[in-house]
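Asker: Take a look at the following structure, please.
The values are calculated or read from the model by the stated rules, or taken from the named source; none is laboratory data. Since we're looking at a predicted model, the values are computed, not measured. A quick note on method: Cβ atoms are made from the backbone with ideal geometry, for glycine too, and the neighbour counts reach across all protein chains shown.
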Amino acid sequence: MSQEAWVDANVVLRFLTQEPPDLYDRAARIMERVERGELKLHLRHEIVAEVVWVLGAGKYKKSRTEIAQTLADFISDRGILIKDEALVLDALALMAREGVPYVDALLALTARGEDQPVATFDDRDFKKLSVKRMPE
């Protein structure tokens, strides 16, 4: 029987960026346990959003396409548990394809799935995402 835990963005980021070396080693040991089936990690949508933001900003400045592929690979690991995994993967793909923020893609897909509009002042991104917007 495997242990379960909730994973924080810092573990995901250290594992994906492989830096700093000491924290990468610690994150890699956690992920080795996941690979061996000894540990399952619960990943929240908010953590995905934080990881996307950090990888796209600051010193990393990864493209949305790189971020989407990297996180899709990470999320698809059999030991990563995320509610609505298909929705998150679709949002990552939409982010990369349309060049919009991840959280906008996630919100648009959620609203579309519920057949509801989005209340937003961001006409540009949500128009790209083909989602109904609330009239003012």
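Asker: Every residue in segment 101-136 that is over 27 Å from Val54 (Cα atoms) and surrounded by fewer than 13 Cβ atoms within 10 Å (Cβ to Cβ), please.
Answerer: Those that are over 27 Å from Val54 (Cα atoms) and surrounded by fewer than 13 Cβ atoms within 10 Å (Cβ to Cβ): Gly113, Glu114, Asp115, Gln116, Met134, Pro135, Glu136.
Asker: Pairs, please: C-beta under 9 Å, at least 6 apart or cross-chain, first residue more than 15 Å from Gly99 (Cβ to Cβ) and in segment 111-130, second part of a helix (DSSP H, G or I) and aliphatic (A, V, I, L, M)?
Answerer: Correct list of pairs: Gly113/Leu87; Pro117/Ala111; Val118/Leu107; Val118/Ala108; Val118/Ala111; Thr120/Leu107.
Asker: Output the number of residues of segment 79-115 satisfying the condition of being touching a helix residue (DSSP H, G or I) at 6+ places or on another chain (Cβ under 7 Å), within 29 Å of Arg33 (Cβ to Cβ) and not charged (D, E, K, R).
Answerer: Residues flagged as touching a helix residue (DSSP H, G or I) at 6+ places or on another chain (Cβ under 7 Å), within 29 Å of Arg33 (Cβ to Cβ) and not charged (D, E, K, R) within segment 79-115 amount to 11.
Asker: Filter segment 1-48 for residues that are buried (at least 19 other Cβ atoms within 10 Å of the Cβ) and in contact with a Gly (Cβ under 7 Å, 6 or more places away or on another chain); which is nearest to Asp84 (Cα to Cα)?
Answerer: Only one residue fits best here, namely Leu41.
Asker: So, one more: Within the bounds of segment 67-74, is there any residue that is among the acidic types (Asp, Glu), farther than 26 Å from Arg33 by Cβ and modelled with pLDDT of 95 or more? Lay out the reasoning, then the answer.
Answerer: Filtering segment 67-74 down to residues among the acidic types (Asp, Glu) leaves 73.
Still in the running and farther than 26 Å from Arg33 by Cβ: none.
Within segment 67-74, not a single residue is among the acidic types (Asp, Glu), farther than 26 Å from Arg33 by Cβ and modelled with pLDDT of 95 or more.
Asker: Something else: So the check is Cβ under 6 Å with 6+ separation or different chains; which pairs have a first residue in segment 62-89 that's within 22 Å of Ile30 (Cβ to Cβ) and a second one that's surrounded by fewer than 17 Cβ atoms within 10 Å (Cβ to Cβ) and of a type outside the set (A, V, I, L, M)?
Answerer: Partner pairs satisfying both residue conditions: Leu81/His42.
Asker: Turning to a different aspect of this structure: Specify the residue that is farthest from the chain's Cα centre (by Cα); the eligible residues are those in segment 85-132 that are under 19 Å from Ser63 (Cβ atoms) and of a type in the set (Asp, Glu).
Answerer: Here the answer is Asp125.
Asker: Hydrophobic (A, V, I, L, M, F, W, C) and either more than 12 Å from the chain's Cα centre (by Cα) or under 19 Å from Ala5 (Cβ atoms) (or both) - does that describe any residue in segment 49-57?
Answerer: The answer is yes, given that some residue of segment 49-57 is hydrophobic (A, V, I, L, M, F, W, C) and either more than 12 Å from the chain's Cα centre (by Cα) or under 19 Å from Ala5 (Cβ atoms) (or both).
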